[in-house]
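Reviewing the structure listed below.
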Amino acid sequence: MVRIGVIGAGDIGFSHIRRITEDLHGGRITAVTDIDEGHAAQAAAFCGARVFPDGESLIASPEVDAVIVASWDATHEGYVLACIAAGKPVLCEKPLSVSEESCRRIVDAEMAAGRRLVKVGFMRRYDEGYRAVRDAMYGAIGQPLIVHCAHRNKCGYAQHCTENSVKNSTVHEIDLMRWMLGEDMRTAQVFAGRASSRGGEGLKDPLTVLLESESGVRIDVEVFINSGIGYEVHCTAVGEDGVADMPEPARLAVRAANQKAEYISDDWKVRFYHAYNRLFQQFIDEVQAGCLTAPSAWDGFMATYTAECCVKALYSGGIEPIAPLTRPDFYGKE
Ligand code: ISE
């Protein structure tokens, strides 16, 4: 049984505590911490864990074999580095960290430790829909040429800023495209057109992000934080021999009062419920087996590095080159 400590027991952290306690096997939550003592106490009561005063003491505890980092983005680096120093496997929520430099420090520390200790929570790789589109590429639709993506949140949180639309949201599509196409991106362009009146003062929302892969595949991403619709994502790949539309998860369609309606949740944790379960089960299994696989710290680094190039493109208004980087042998070919 893997004894797991969770740093950040609020919204997303609590959903992981619940899935490990109720849905998955092989793991048990033994430790929790949160800057909000109420969240920590509530989570601990739910799963029978002990509350720790901070992430550092939780990571150091002999009651913890592996760690989940689900605190806010700017705190990830310190906790992940502490896990590496303690030799404890860690599943860190995306983004791995908030800057290219901080992600690089994580990659360097992991390589210096000499074994893979970091997995990044890019859960969309585990979604059946995205997997089906990936399978169609180089298969049913032939060589991919263009990919259209949409990523809509219903509304942003109070401190949401335009950079977050790229570094916290579009980072998913960046990771997906690297994973689906098996290559990095070579240019980025970002367009902010007319802004939705639902966004806050000065917020550029929606954005259109254009990426070009190393082999020339064109990717467009509509990222819309205040769509007002609900949480929804779409992906259509255009290949040499055909087009693959990502299937929507099955939803109940109710016909009543002269209308046909399907409920759309506001919550990405609902949309990706099964994907999260697969990711977390794999993490537990891999901790037991003693070897972690992708999404790796290198994937987390490349996603944030590419997102930062997109932010530069947002401010420059031009086509931003993304300098190619050599993948260290340490991260294998996955
Ligand atoms: C949010 O922070 C997430 O983590 C979701 O996965 C993402 O889809 C959403 O856009 C972000 O705001």
Every residue in the stretch 198-214 that is of a type outside the set (S, T, N, Q) and within 16 Å of the ligand (Cβ to nearest atom), please. Arg198, Gly199, Gly200, Leu203, Lys204, Asp205, Pro206, Leu207, Val209
Tell me which of these Ser227 doesn't satisfy, since it passes every other one: (1) in contact (Cβ under 8 Å) with a residue 40 or more places away in the chain; (2) within 25 Å of Tyr157 (Cα to Cα); (3) surrounded by fewer than 15 Cβ atoms within 10 Å (Cβ to Cβ). (3)
Hey, any hits in the stretch 122-131 for a residue that's in contact with a helix residue (DSSP H, G or I) (Cβ under 6 Å, 6 or more places away or on another chain) and away from the ligand (no atom under 16 Å from the Cβ)? no
Given the residues Glu308, Glu262, which is the only one that is of a type outside the set (A, V, I, L, M) and buried (at least 17 other Cβ atoms within 10 Å of the Cβ)? Glu308
Output the residues belonging to the stretch 229-254 that are within 22 Å of the chain's Cα centre (by Cα) and either of a type in the set (D, E, K, R) or within 16 Å of the ligand (Cβ to nearest atom) (or both). Ile229, Gly230, Tyr231, Glu232, Val233, His234, Cys235, Asp245, Met246, Glu248, Pro249
Evaluate the following for Leu279: is it modelled with pLDDT of 95 or more and surrounded by 23 or more Cβ atoms within 10 Å (Cβ to Cβ)? yes
Considering only strands (runs of 3 or more DSSP E) fully contained in the stretch 212-272, which possess at least 2 residues that are under 23 Å from Arg178 (Cβ atoms)? 218-224, 232-239, 243-245
Those helices (runs of 4 or more DSSP H) completely within the stretch 1-115 that have 3 or more residues that are of a type in the set (D, E, K, R) and farther than 21 Å from Lys269 by Cα are 100-113
Selection within the stretch 172-197 - more than 12 Å from the ligand (Cβ to nearest atom) and acidic (Asp, Glu): Glu183, Asp184
Among Ile35, Ile7, Ile29, which is the only one that is among the aliphatic types (A, V, I, L, M) and either more than 18 Å from Lys88 (Cα to Cα) or open to solvent by 20 Å² or more (accessible area, probe 1.4 Å) (or both)? Ile35
Yes/no for Ile106 being crowded, with 21+ Cβ neighbours inside 10 Å and away from the ligand (no atom under 16 Å from the Cβ): yes
Matching residues in the stretch 38-84 - criterion: being surrounded by 14 or more Cβ atoms within 10 Å (Cβ to Cβ), over 17 Å from Ile12 (Cα atoms) and among the polar types (S, T, N, Q): Ser61
Give the residue that is nearest to the ligand (Cβ to nearest atom), with candidates limited to residues of the stretch 139-171 that are in contact (Cβ under 8 Å) with a residue 60 or more places away in the chain and in a loop (DSSP other than H, G, I, E, B). Asn153
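For every residue, the table says whether it meets (1) within 16 Å of the ligand (Cβ to nearest atom); (2) part of a helix (DSSP H, G or I).
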{"site": "Arg278", "(1), (2)": "yes, yes"}
{"site": "Asp285", "(1), (2)": "no, yes"}
{"site": "Tyr305", "(1), (2)": "no, yes"}
{"site": "Ala323", "(1), (2)": "no, no"}
{"site": "Arg327", "(1), (2)": "no, no"}
Do the conditions hold for Val209, that is, is it out of contact with any Asp or Glu (no Cβ under 9 Å at 6 or more places or on another chain) and in a strand (DSSP E or B)? no
Go through the residues of the stretch 269-277 one by one and say whether even a single one is touching a strand residue (DSSP E or B) at 6+ places or on another chain (Cβ under 7 Å) and of a type in the set (A, V, I, L, M). no
Test Ser213 against the criterion of being surrounded by 19 or more Cβ atoms within 10 Å (Cβ to Cβ) and either modelled with pLDDT under 95 or under 26 Å from Asp11 (Cα atoms) (or both), and give yes or no. no
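The values are calculated or read from the model by the stated rules, or taken from the named source; none is laboratory data. Bear in mind the structure is a predicted one, so any value in this text is a computation, not a measurement. Backbone-built Cβ (ideal geometry, glycine too); neighbour counts: all protein chains shown. Each accessible area value is taken on the protein alone, full model and side chains, heavy atoms only, with ligands, DNA and RNA left out. Shrake-Rupley method; radii C 1.70, N 1.55, O 1.52, S 1.80 Å.
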